[in-house]
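Chemist: Pasting a structure here, questions to come.
The values are calculated or read from the model by the stated rules, or taken from the named source; none is laboratory data. All of these numbers come straight from a predicted model, not from anything done at the bench. Please note: Cβ atoms are built from the backbone with ideal geometry, for glycine as well, and neighbour counts cover all protein chains shown.
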Amino acid sequence: MKEKILIVDDNENARTVLSDVLKESGYPRVRCAIDGVDAFNQLRTFTPDLIILDLNMPNMGGIEFYNKICEDGVTPKFPVFVITGRSEMEQLFKQFDVVGFIVKPFDVAKLLEEIDIVMEKRTVQRLGERSKNRVLVMNSDPQKLADIQQAFTAYGYDVVTASSGTEGIRKALENPVHMTLIDLALEDISGDMVAFRLNNMHKTHGLMNILYHLSAVEFRTGVHEKLEQKTGIEKMINATTAKELLELTNQVVRRKMER
């Protein structure tokens, strides 16, 4: 992961523990600031993807620092995740434009989970800036198609659906998309053949085509590898639920962006 994180906390032990946990969890680009003044100075040379901000600090507390990084007086220039020892502050910060909030004492694993979610959403937003965040989902099962559409839409994707390979190819040509999710077992054309055709059309060449199978039944050993070696397929995913498909797709997107 290449995301940069700035921890702003006057408690040295808290800074050290959180910094170490983040680095061990795949976030190597972490900086620390002892208060709002230090953090504000660091922002001159460091552009974080996330600021983890403690509220109660000397020499410019969290609220003052937050206000200083709001360009329009409302929206902060950088995503902010708030940490505080005062539970009553949660209601106050619900009125602020922050990406998350946690009250001390907290479970570090829970905080890390929240940060991972924030970072994944940031990835989706960056994709959206480049391609309007549009994904084309193909599945011949109406219920599975609806479940996938609901999961991806709730996460922030702009979803276009198709119930067959033929319809999917047509919609890919008509609607510019960044990514396709193609069910391997489409009724009219196999998913790998759809990906092959899309890759060989000038208008859709270069699309991120993800082949998937939504089932509790695992593929035989080696099937994934063989499918991923075929032209036009970015990844083959076996998922049991639409939610798991979303999570695994986000992982593929993240790795793609980090190349």
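Chemist: Which pairs do you get when a residue that is within 13 Å of D49 (Cβ to Cβ), found in the range 2-22, comes within reach of a residue that is at pLDDT below 90 and not in a helix (DSSP H, G or I), reach meaning Cβ atoms under 7 angstrom, with the pair 6+ apart or on two chains?
Modeler: Close Cβ pairs satisfying both conditions: E3/Y27; I5/Y27.
Chemist: Shifting gears a bit: From the list L227, L181, L186, which residue is of a type outside the set (F, W, Y), at negative phi and in a helix (DSSP H, G or I)?
Modeler: L227
Chemist: In the range 1-34, which residues are surrounded by fewer than 19 Cβ atoms within 10 Å (Cβ to Cβ) and either of a type in the set (G, A, S) or part of a loop (DSSP other than H, G, I, E, B) (or both)?
Modeler: Across the range 1-34, the qualifying residues are M1, K2, D10, N11, A14, S19, S25, G26, P28, I34.
Chemist: Can you name the number of the only condition in (1) at pLDDT 90 or above; (2) of a type in the set (A, V, I, L, M); (3) within 17 Å of V98 (Cα to Cα) that L55 fails?
Modeler: In the conditions (1) at pLDDT 90 or above; (2) of a type in the set (A, V, I, L, M); (3) within 17 Å of V98 (Cα to Cα), L55 misses (1) alone.
Chemist: Hey, could you check the range 145-168 for residues that are surrounded by 18 or more Cβ atoms within 10 Å (Cβ to Cβ) and in contact (Cβ under 8 Å) with a residue 40 or more places away in the chain and say which is farthest from E244 (Cα to Cα)?
Modeler: That would be Y155.
Chemist: Separate question: Quick one: in the range 1-21, which of the residues that are touching a Lys or Arg at 6+ places or on another chain (Cβ under 9 Å) and aliphatic (A, V, I, L, M) is farthest from E120 (Cα to Cα)?
Modeler: Here the answer is A14.
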